[in-house]
Amino acid sequence: MFHGTSSSMKGRMSWLASLLACGFLVLVFLLIGSRSASALPIPAGKVYGIPAFARKYGMPCSACHEAWPKLNNFGQIFKDNGYQMMNDRDAPIFQQPAYWPIALRITPNWHRESFDRADITNPATGSTIEGRLTTHGFDLSGMDILTAGTLAKNISFLLVPSSDNTGAFHFESANVRFSNLLNSSWLNIKAGKFELDNIISEKRILALSNNGGIYQIYHFQPATEDPAMFTFGLGDNQIGAELSGHSKNDYTRYSVALLSSNDGNVGLPNGHGYDTYLTFSQAFEAGSLGLQRVGAFAYIGRAPTYLAGGTLGMDGLGQKSFYRAGFYGLWYLKKLDFMTMYTHASDNAFLGTGTPSFNPLPVGAHSPTWNGGMIETHYTWNPQFILINRYELIRMSRQALPIDATNPFIAGVSVPSSNFGDIDALTFGYRYYPFISSRAGFAFHNEYSVVRQRGVSPLLGRDLTSNSLFLGFDFIF
């Protein structure tokens, strides 16, 4: 994430208008240049979306996905039923001759990354310089190995060993789910490491670039915080247990999760408390427009303010509270759909200033508070071609520290406290799927994303802007 200085309202609007105009022109060009195709697509995903299910049930991937890995309502029902169609094929002993219960996904790509105010100090002269830093070249994404299915009736699992692009592995997901307890779809329990019940799923995001491949609104933390001590992302998979339920048609859904307070890390690095995540959503038909959904969520957590333990092992102590809460909506207008989200968040003043709980707070310290908004649109031009556009903004409503010459984070820089750390992010692109198959998926992905954060350039405390250009071949087998 990136942080930045203030400018006038006119300057901000000019910057945003230029970006939106650029995005619009690119999308118009793509629309004019695209041609219809007769074959159906197999959209490719960031993490989840497993062709093994299509092979097992003899169905096309489009049965569960609007644009794979983005689920439609039928796919959400299948997932909420514990990867079961509620028929004889659910049994783990049922196998099609082509069935292979493992999927592998990786994305060879070319990408360009640029920062307008990086630290390019010359070590020979020692002169302090901020300037543009740009890198580009061919690369690989990380690799995901996905396997999921039923162990017995109403007992399912998901296991995702995942590596970065150097081959270092970790477990992205590892959980067991007990579905339809007491013969009721309202009682289901999941335990292990899993994605939070986010209807706007970061694991099924349609963007892949370094900037666009995450939701800023899920991962934002104030610029005054110490990321070495406290890091949290609402899109990160967590370790714990979840109680969930849904109506038979999945229109009404709820979940309650009890989670270890360690942002999904193993080994109990902060083994002194639990977090709670609550969600509720309701879907409804809107005539010919189709199914719409609205929902709300709240995450209440605790995080350490210092480390202790010495030779017995380091542990996080001095826990203080934080929360994230908000509303979202999924809206459909024929081929065009919108995902909207509003969040309100706050961290304890000790977390917000990076102060150990055994020390007094800095003079004038407050609990930092902020609001965020997001709108993401998808236009399905035809079954093989989808356009993507997303805009996010995050605004600090209260800073953790007063902004003046005594503030070590931006000393000597004139920055209105209401702007310090604010984010604007724009992403647009397209995905083209040349074929559909129950055995493999392939997509050509082209994307541009830019993120600006106020007042956080590394040396002078000015606005920092980063942009990513990404072209990749996203495939899964």
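The values are calculated or read from the model by the stated rules, or taken from the named source; none is laboratory data. Predicted model, so just to flag it, every value in this text is computed and none were measured. No Cβ is skipped: glycine too gets one built from the backbone with ideal geometry, and neighbour counts run over all protein chains shown. We work out accessible area using only protein heavy atoms, side chains counted, and drop any ligands, DNA or RNA first. Shrake-Rupley method; radii C 1.70, N 1.55, O 1.52, S 1.80 Å.
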Q) Say each of residue 125 and residue 87 gets a label point 7 Å from the Cα, pointing the same way as Cα to Cβ; how far apart are those two points in nm? A) 7.3
Q | Selection from 149, 127, 109, by position along the positive dipole direction of region 103-157 (Cβ) | A | 149
Q | region 73-87 - phi-based ³J(HN,Hα) in whole Hz, Karplus 6.51/-1.76/1.60, Gly and Pro as x | A | 5, 4, x, 5, 5, 4, 5, 5, 8, x, 6, 10, 8, 6, 9
Q: Report the residues of region 345-389 in range of a label on residue 72: point 7 Å along Cα→C-beta, backbone N strictly under 12 Å from it.
A: 383
Q: Check cross-link reach from residue 334 to the aspartates and glutamates: straight Cα distance under 15 Å, and skip same-chain residues fewer than eight apart.
A: 66, 285
Q | region 249-308 pair-distance distribution - Cα-Cα, 10 Å bins, rounded % | A | 20, 33, 21, 16, 8, 2
Q: Identify the residues of region 321-356 with backbone N under 12 Å of a label point that sits 7 angstrom from the Cα of residue 226 along the Cα-to-Cβ direction, or state none.
A: 350-356
Q. To one decimal place, what orientation-averaged projected area in nm² is obtained for the convex hull of the Cα set of region 168-234?
A. 7.0
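Between residue 381 and residue 181, what FRET efficiency comes out of the Förster formula 1/(1 + (r/R0)^6) with R0 = 45 Å and r the beta carbon distance, rounded to 0.05?
The computed FRET efficiency comes out at 0.55.
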Q: Using only protein heavy atoms and a 1.4 Å probe, report how much of residue 120 is accessible, in Å² to the nearest 10.
A: 70
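Kirkwood Rh, Cα Rg: Rg to Rh for region 298-355?
Radius of gyration over Kirkwood radius for region 298-355 works out to 1.30.
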Q) Can you list residues whose amide H is under 5 Å from residue 226's amide H, if they're 5+ apart or on another chain and H is modeled 1.01 Å from N? A) 354
Q. Given H placed on each backbone N at 1.01 Å, which residues far from residue 462 in sequence or on other chains put an amide H within less than 5 Å of it?
A. 456, 457
Q: Evaluate the distance, in nm, between pseudo-label points positioned 7 Å from the Cα of residue 366 and of residue 276 along their respective Cα→Cβ axes.
A: 2.7
Q | Using distinct alpha-carbon pairs, which all enter the 1/r mean, Kirkwood radius of region 207-291 in Å | A | 15.8
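So what's the projected area for region 320-400, the Cα convex hull averaged over all directions, in nm²?
Averaging across all directions leaves 6.8 nm² for the Cα convex hull.
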Q | Amide H partners (placed H, <5 Å) of residue 186, local residues excluded | A | 246
Q | By accessible area with a 1.4 Å probe, ligands and nucleic acids excluded, highest first: order of 104, 196 | A | 104, 196
Q) Among 318, 298, 360, whose Cα sits farthest toward the positive end of the charge dipole of region 296-397 (+1 at Cβ of Lys/Arg, -1 at Cβ of Asp/Glu, about the Cα centre)? A) 298
Q: Give the accessible area for residue 294 in Å² (nearest 10); use a 1.4 Å probe, count only protein heavy atoms, and leave out ligands, DNA and RNA.
A: 60
(Q) Sort 160-166, 253-259 by packing, meaning the average of other beta carbons within 10 Å per residue, with the highest value first. (A) 253-259, 160-166
Q. How far, in nm, would the chain grow between residue 473 and residue 459 when pulled straight, counting 0.36 nm per residue and subtracting the alpha carbon separation?
A. 1.3 nm
**Q.** Label-point separation, residue 265 to residue 114 (7 Å along Cα→Cβ), nm
**A.** 3.5
